[in-house]
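I have placed the structure first, in the form of C-alpha cells, so that the comments after it can refer back to it.
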Amino acid sequence: MSRLFLGVICLLVGWSVWAIDTGRAFEDDEMQARYVEIISEVRCVQCQNQTIKDSNVQIASDLRREIRRLLSEGKTNAQVFEFLVQRYGDFVLYRPPMSGFSLLLWIAPGLFLLFGGIVAARVISKRMTMPLDVDDDEIHQVES
Amino acid sequence: MLKFVVPLIAFGLLVGVFIKGLDPERDIKKLPSPFLGKEAPHFDLPRLKVPNERISNQAYDGEVAIVNFWATWCVGCRQEHGFLMELSRTSDVPIYGIDWRDQREPALQWLSQLGDPYVASGFDADSVTGINWGVYGAPETFLIGKDGRVLLKHLGPLSRDAWENDFLPAIAAAEGDQP
C-alpha cells in the first residue's frame, strides 16, 4: 500500500519533467535570468490562468520562441512587453499597467472610502446638533 | 428627497455593473483585439497552394476583405468551413485564408476535399504572422477595411448570426466610405 502511495507521489513530483523547453534558453546567466523573469510575467492567452513559463500549449511555446528571438536581438524587457501588449492587449501581463480601466480599479477603493467618509461625517454632525431623546418618565421627574 | 434619489442612483449603477459583469452571453475568455480600428499588421507569407509565390497585405489593398486564420487541426474551422464556402459563392467580399501553424500536405488535402473558399491562402507554419496578428486560437476572422484597418474580429467559428449581425453592417458601412 505504502509502495503504491510512494509511486503516486513520485509520479506527481515527476510530472513537471513534462514541461517543455526544459533546457536553458541562453548561455549567458544574465540573459537567462531576464528570459525567465519575462516568461513568468506573461499570461498564456489560451490557458488563461497560467504563465507562458508553466504552459506547454503550442501558443505559449510560440510566444517563448518570439521572446527568445527579441532578447537575442538585444531588445529591452520593456520592448518585449510592448511587443506582446501591442498584439494581445494588457491582458497578457500578469501585472497590467495602472492606466485606463485598471487605473479606475486601483483608485475605486479610495473613492468609496472618501464618499463613505463624507456621508458618515455629515450624518454624525447632524446627529450631534439634534436634541437628545428624553423619555416621558424623566420629564415627569424633572417637573415634580 | 435627495436622501432617496442619490442612493437609488448609486444602486441602479451598481445593478447595471453587475448585470453587465454577469451576462451569461459574455465570454470572459474572449479577448478584444488591440488592433480594432488600427492598421492590420503587415504579413508576407508563402502561398499555400503555390509555395514559391508570396502573399501579403497588398493582395487586398484598397478593398474590403476578410482574413480567416484556419488550420486542419482545428475543429471549429471544419465547423465554419461550410459557411465560408457559402460566403465565397454568395458574398462579394473576398476571403483570404491564413493556414496557421499547420502542415502543407493535410492543408492541401483539406481544401481539395472540403472545397476552397479562399481567394488565396498564406502558409504560416511557425505562427510568426499569427502572433503578429494577436491570434491565439483558430478560427479567428478579421474584417479589413479599404484603408487596411481592422474593422472587426470574430473569435471561433464564423456563424450566420455573427455574419448577419456584425459583419454585414460593418461591410455596408465600409463599402459606403470612399477609399
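Taken together, the criteria place B:Phe83 among residues that are aromatic (Phe, Trp, Tyr), more than 23 Å from B:Glu53 (Cα to Cα) and surrounded by 15 or more Cβ atoms within 10 Å (Cβ to Cβ). Looking for something open to solvent by less than 40 Å² (accessible area, probe 1.4 Å) and part of a loop (DSSP other than H, G, I, E, B) - is there at least one such residue anywhere in the stretch B:144-152? Checked against the condition, which is being open to solvent by less than 40 Å² (accessible area, probe 1.4 Å) and part of a loop (DSSP other than H, G, I, E, B), the stretch B:144-152 yields at least one hit.
Take the residues of the stretch B:130-139 that are in contact with a strand residue (DSSP E or B) (Cβ under 9 Å, 6 or more places away or on another chain) and under 23 Å from B:Pro51 (Cα atoms): which is farthest from the other protein chains (Cβ to nearest Cβ)? Out of the qualifying residues, it is B:Pro139.
Report, by residue number, each residue of the stretch B:103-138 that is at pLDDT below 95 and in contact with a Cys (Cβ under 9 Å, 6 or more places away or on another chain). Correct list: B:Tyr136, B:Gly137, B:Ala138. Are any of the residues in the stretch B:113-129 more than 14 Å from chain A (Cβ to nearest Cβ), open to solvent by less than 10 Å² (accessible area, probe 1.4 Å) and under 30 Å from A:Val80 (Cβ atoms)? Yes, the stretch B:113-129 has at least one match.
Look at (1) surrounded by 10 or more Cβ atoms within 10 Å (Cβ to Cβ); (2) more than 18 Å from the chain's Cα centre (by Cα) and you find that B:Ser56 fails only one, number (2). When the helices (runs of 4 or more DSSP H) confined to the stretch A:14-127 are screened for residues that are of a type in the set (Gly, Ala, Ser), those reaching at least 2 such residues are found at A:58-72.
Pick from A:Leu71, A:Leu11, A:Leu4: which is away from chain B (no Cβ under 14 Å), modelled with pLDDT of 90 or more and more than 24 Å from B:Pro139 (Cα to Cα)? Walk me through it before giving the result.
Values: A:Leu11 fails: modelled with pLDDT of 90 or more; A:Leu4 fails: modelled with pLDDT of 90 or more.
Result of the check over A:Leu71, A:Leu11, A:Leu4: A:Leu71.
Among the listed residues A:Ile39, A:Ile59, A:Ile67, which satisfies the condition of being closer than 20 Å to B:Pro41 by Cβ and touching a residue at least 24 places away in the same chain (Cβ under 8 Å)? Don't jump to the end; show me each part of the working.
Values: A:Ile39 fails: closer than 20 Å to B:Pro41 by Cβ; A:Ile59 fails: touching a residue at least 24 places away in the same chain (Cβ under 8 Å).
Result of the check over A:Ile39, A:Ile59, A:Ile67: A:Ile67.
Within the stretch B:1-31, the set of residues being under 20 Å from A:Phe112 (Cβ atoms) and among the aromatic types (Phe, Trp, Tyr) comprises B:Phe11, B:Phe18. Looking across the stretch A:44-67, just one residue is surrounded by 22 or more Cβ atoms within 10 Å (Cβ to Cβ) and either of a type outside the set (A, V, I, L, M, F, W, C) or touching a His at 6+ places or on another chain (Cβ under 9 Å) (or both), and that is A:Ser55. Which residues, counting only those in the stretch B:96-112, are more than 14 Å from chain A (Cβ to nearest Cβ) and either polar (S, T, N, Q) or surrounded by 16 or more Cβ atoms within 10 Å (Cβ to Cβ) (or both)? Selection gives B:Tyr96, B:Gly97, B:Ile98, B:Asp99, B:Ala107, B:Leu108, B:Gln109, B:Trp110, B:Leu111, B:Ser112.
Return yes when B:Val93 is hydrophobic (A, V, I, L, M, F, W, C) and either out of contact with any helix residue (DSSP H, G or I) (no Cβ under 7 Å at 6 or more places or on another chain) or assigned to a helix (DSSP H, G or I) (or both) and no when it is not.
no
Being touching a Pro at 6+ places or on another chain (Cβ under 8 Å), open to solvent by 60 Å² or more (accessible area, probe 1.4 Å) and at pLDDT 90 or above is the filter here, so list the residues in the stretch A:77-135 that pass it. First the steps, then the outcome.
Of the stretch A:77-135, the ones touching a Pro at 6+ places or on another chain (Cβ under 8 Å) are A:85-90, A:102.
Retained after the next criterion (residues that are open to solvent by 60 Å² or more (accessible area, probe 1.4 Å)): A:86, A:90.
Correct list: A:Gln86 only.
State whether one or more residues within the stretch B:15-26 are basic (Lys, Arg), without any contact (Cβ under 8 Å) to a residue 60 or more places away in the chain and either open to solvent by 40 Å² or more (accessible area, probe 1.4 Å) or within 14 Å of another protein chain (Cβ to nearest Cβ) (or both). Yes, the conditions are met somewhere in the stretch B:15-26. Here the stretch B:14-29 is the region considered, the condition is being part of a helix (DSSP H, G or I) and of a type in the set (A, V, I, L, M, F, W, C), and the residue that is modelled with the lowest pLDDT is B:Leu22. Filtering the stretch B:68-90 to residues that are within 10 Å of B:Pro139 (Cα to Cα) and in contact (Cβ under 8 Å) with a residue 40 or more places away in the chain leaves B:Asn68, B:Phe69, B:Trp70, B:Ala71, B:Cys74, B:Gly76, B:Cys77, B:Gln79, B:Glu80. Please indicate, with yes or no, whether at least one residue in the stretch A:48-56 is at pLDDT below 90 and facing another protein chain (nearest Cβ under 10 Å). Scanning the stretch A:48-56, I find at least one residue that is at pLDDT below 90 and facing another protein chain (nearest Cβ under 10 Å), so the answer is yes.
For B:Leu22, the criteria (1) farther than 25 Å from B:Gly134 by Cα; (2) within 16 Å of the chain's Cα centre (by Cα) hold in every case but one, which is (2).
The values are calculated or read from the model by the stated rules, or taken from the named source; none is laboratory data. All figures in this text were calculated on a predicted structure; none of them were measured in a lab. No Cβ is skipped: glycine too gets one built from the backbone with ideal geometry, and neighbour counts run over all protein chains shown. Just so you know, the surface numbers come from the protein's heavy atoms only, side chains and all, with ligands and any DNA or RNA stripped out. Shrake-Rupley method; radii C 1.70, N 1.55, O 1.52, S 1.80 Å.
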